[in-house]
1. In region 95-107, how many residues are of a type in the set (S, T, N, Q) and either under 17 Å from Leu67 (Cβ atoms) or modelled with pLDDT of 95 or more (or both)?
2. Where residues in region 46-64 are hydrophobic (A, V, I, L, M, F, W, C) and over 12 Å from the mean Cα position of the chain (by Cα), which of them is nearest to Leu142 (Cα to Cα)?
3. Considering only region 83-93, how many residues are surrounded by fewer than 20 Cβ atoms within 10 Å (Cβ to Cβ), touching a strand residue (DSSP E or B) at 6+ places or on another chain (Cβ under 6 Å) and not aliphatic (A, V, I, L, M)?
4. Scan region 126-139 for residues that are closer than 14 Å to Leu89 by Cα and touching a helix residue (DSSP H, G or I) at 6+ places or on another chain (Cβ under 7 Å) and report the count.
5. State the number of residues belonging to region 111-143 that are under 12 Å from the mean Cα position of the chain (by Cα) and more than 20 Å from Arg11 (Cα to Cα).
Amino acid sequence: MRSTATAWPPRASDHPGLVRAHADLLDWRLIVDEAGDSAESENVVIRTGCEAFDGVTLPRPAGHQLLLQVSRGRGPVPSLIPEAHTTLLVQAGTGQVLGDPPDVQIRSGPRVNLVLPPSPGVRWDTPPWSPARPEPLPLPLLDGAQPLTALWHALRLCNRPCRGAPPPPGGAPAGRTPGIGQENARGGWVGR
C-alpha cells in the first residue's frame, strides 16, 4: 500500500496526493481514462464506482442550499463540485429514496461511475477526509432519506421545477413561490 500525501490535506493542484487519498485512505477503486498514462498525471479523468456511497447531483445553486441545510448541526457533508453542479455523497444504496426529482441525478452501484478530482472541472467542496490528519471523516454519510425534505426545499428556493413529485413528508416548508413576496434587484423573490 502506498502512503498518503506528505502534505495534508492534499490541495486541488496536488494530483498525486489526491489520487493516493482516494485509493489508499478511502480504499476506493480508481478507474483511469484510457487516454492517460498514469492516475497521477495532469488532465487525466479519474473515476470510481459508486459502491462505497451514492452520489446525488443537482444544479449548483440548489446544491449549495441543500448543503447549507443538511450540514447545520451535523457537521461536514462530503460533496464535489463538478462544473455547474454539486454532488453530495450519501450512504451506499440509499440515494434512490430521493426519487426522481427534475434536475437531480442519483448515481448508485459499482457499475455506475463518479468523476473525482483531480479530473479537469471537478473539485472537492468538502472532501471525505479529515482536514487535520490523513483519516476519513469520522461522521457516517447521510442516509438518502435524511436530506429528502431539504432537497425539495432547496429546489423550490432556487425556483427549480418540482412538478410531479410528492410533497415532502412532515409538513416541510413549502419554499418560495414566484409571484408571492417582494422581488429583489436581481430578479429573485424575498420573503412572502
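1. Going through region 95-107 one residue at a time, the tally reaches 1.
2. Ala52
3. 1
4. The qualifying residues number 2.
5. Result for region 111-143: 2.
Table: residues versus (1) touching a helix residue (DSSP H, G or I) at 6+ places or on another chain (Cβ under 8 Å); (2) assigned to a loop (DSSP other than H, G, I, E, B); (3) among the β-branched types (Val, Ile, Thr).
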| residue | (1), (2), (3) |
| --- | --- |
| Glu42 | yes, yes, no |
| Thr48 | yes, no, yes |
| Asp54 | yes, no, no |
| Leu58 | yes, no, no |
| Ala62 | yes, no, no |
| Gly73 | no, yes, no |
| Gly93 | no, yes, no |
| Val97 | yes, no, yes |
| Pro101 | yes, yes, no |
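The values are calculated or read from the model by the stated rules, or taken from the named source; none is laboratory data. Only a predicted model underlies this, so the values are computations on that prediction, with no experimental measurement involved. Every residue, glycine among them, receives a Cβ derived from its backbone with ideal geometry; neighbour counts consider all protein chains shown.
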